[in-house]
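Q: Dropping a structure here in structure tokens format, bear with me for questions.
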Amino acid sequence: MNALRTPPIRQSRREPPVRVRASDENLFQLVETLCALHIGIEAFRNGKRAGWMIVSAYLHQMLTDTSRGNSPLATRVIPALHLHPLRKPVPKAGVEYLMCSPVSIAWSEGHCQLEPLFGLDEKRIPLDDWLTQPAFVQHHDGAGHVIYLREVITAPRDQAGGVHFDASVDRNTALVEGLFSFIQGPENRPTFRDYLVAMGEYVHAEITGQLMGYLGNGYVSVKDYDEARQFYEEALAICRREGNLQGICEQLTHFGYFCGLIGNHSATVEVCTEALAISRRIRDADRERALLNNLYVACFGLGNQSYNSGIYSEAVARYQEAIRLARELADLLGELYALVNLGLAYNASGDFRNAIATWAIPLACELPGSDADEARGFITEIGEQLASVRQRRPGFDGVLSAVLGQASIAFNEATCQEYTPRHDSTDALWAEIIEAIGEHERKS
């Protein structure tokens, strides 16, 4: 009976490393903090302007308060928390920008407004780098004062008076204890409070989306797949609603992995293909490689499913796609695993010529380090498969003799294990093998 192989396990093909456990005490506190942050945002948007103070307090607790430990609350739950960088201004017709104002403030025809603060189409950066981004430069006393995002969050707690106006400095300047200024329009001018609440809206959506995905990973780890699916779908919905490209890519990666675990390889291919396009758009090389790996595993699994169903032409196509992905990843061991199964599919379909050529490649390729030890298993298996084929096709020794450069090959386990490979690339080898087989058949 032909035994199909499963793909070799690489670290990047395993479950995403970040998981959140529902029993984590810090998790409960973070969820409550996110709820309180949402209450402050809603109050502010509904006309209760003092809501900005709630937003300020809980942004501080999540992102900058280290009084209860060595790190703020959010990173105690999500240690590798990354957030999107500040968005650079995009010039528009009839819109001007002030160099001393936050990059996301613009005005046109006497009306001043906040634009989206953060670049959701850019790759996230670590929290410490995010907090040290210059929000704007305040001109005061003939000098420029750089105001960083960390100060935007912490200053309201450090200063006693909150937001007030100081006409003696500049009648068009709104101050937060002297340094935070925004241009004022005649009505509905954006102030420090609007900027802070806009930050809160972004942080609430971003951390909630990331948290949902990591909770999904946690439920996967305990095999509670129904709960995992709900969290993945909610996380993906949040990211799509916000237009968060990296978030969409991340959650699609999680969901694709989940689909592969439950055997839905077709869904894995669909979601990982979408995520791959996004990862290339935002130039996330690590995510791109992980997605290529997941696609390889999915195509391999679909090939096995088709083979077991007797649909050999479909199995051949899926294994060939897995081989293409392995080559893109420069993963020789992964390519050889797929070649073993491809040979089985060719052989089962009666394509004896391509079966020989396919199996000869793993026998002739050189594998480095620990991969060579792992390859011994399928080298032995190929020998067993070729031995069974040889019984049906006398003279088969001559084919491999021409291909591998040996006088004769006895197809048994010992010989296969002791064989010394002589090729380190599969690209040129295929043509050589096909040519040798054709020459052998002509002589026969």
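The values are calculated or read from the model by the stated rules, or taken from the named source; none is laboratory data. Quick caveat, the model's predicted, so the values are computed rather than measured. Neighbour counts are summed over all protein chains in view; Cβ atoms, including those assigned to glycine, are modelled from backbone coordinates with ideal geometry.
Q: Give me the helices (runs of 4 or more DSSP H) completely within the stretch 259-367, filtered to those with at least 3 residues that are of a type in the set (A, V, I, L, M, F, W, C) and more than 30 Å from residue 216 (Cβ to Cβ), ordered by residue number.
A: 312-328, 332-348, 352-364
Each row is one residue, and each column tells you yes or no for (1) touching a Lys or Arg at 6+ places or on another chain (Cβ under 8 Å); (2) part of a helix (DSSP H, G or I); (3) modelled with pLDDT under 90; (4) at positive phi.
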residue	(1), (2), (3), (4)
161	no, no, yes, no
169	no, no, yes, no
178	no, no, yes, yes
189	no, no, yes, no
207	no, yes, no, no
230	no, yes, no, no
240	no, yes, no, no
247	no, yes, no, no
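Q: Residue by residue through the stretch 263-290, note down the ones that are surrounded by 14 or more Cβ atoms within 10 Å (Cβ to Cβ) and either more than 15 Å from residue 245 (Cα to Cα) or among the aromatic types (Phe, Trp, Tyr) (or both).
A: 264, 265, 267, 268, 269, 270, 289, 290, listed by residue number.
Q: Residue by residue through the stretch 324-339, note down the ones that are over 19 Å from the mean Cα position of the chain (by Cα), under 22 Å from residue 266 (Cβ atoms) and surrounded by fewer than 24 Cβ atoms within 10 Å (Cβ to Cβ).
A: Within the stretch 324-339, 324 is the sole residue that qualifies.
Q: Among all residue pairs at least 6 apart or on different chains, which show Cβ distances below 7 Å where the first residue, located in the stretch 33-59, is within 15 Å of residue 191 (Cβ to Cβ) and surrounded by fewer than 21 Cβ atoms within 10 Å (Cβ to Cβ) and the second is modelled with pLDDT under 90 and among the basic types (Lys, Arg)?
A: 49/193
Q: Looking only at the stretch 250-267, which residues are touching a residue at least 40 places away in the same chain (Cβ under 8 Å) and of a type in the set (A, V, I, L, M, F, W, C)?
A: Those that are touching a residue at least 40 places away in the same chain (Cβ under 8 Å) and of a type in the set (A, V, I, L, M, F, W, C): 258, 261.
Q: A further question on this structure: Assess whether residue 315 counts as being in contact with a Gly (Cβ under 8 Å, 6 or more places away or on another chain) and aliphatic (A, V, I, L, M).
A: In short, yes.
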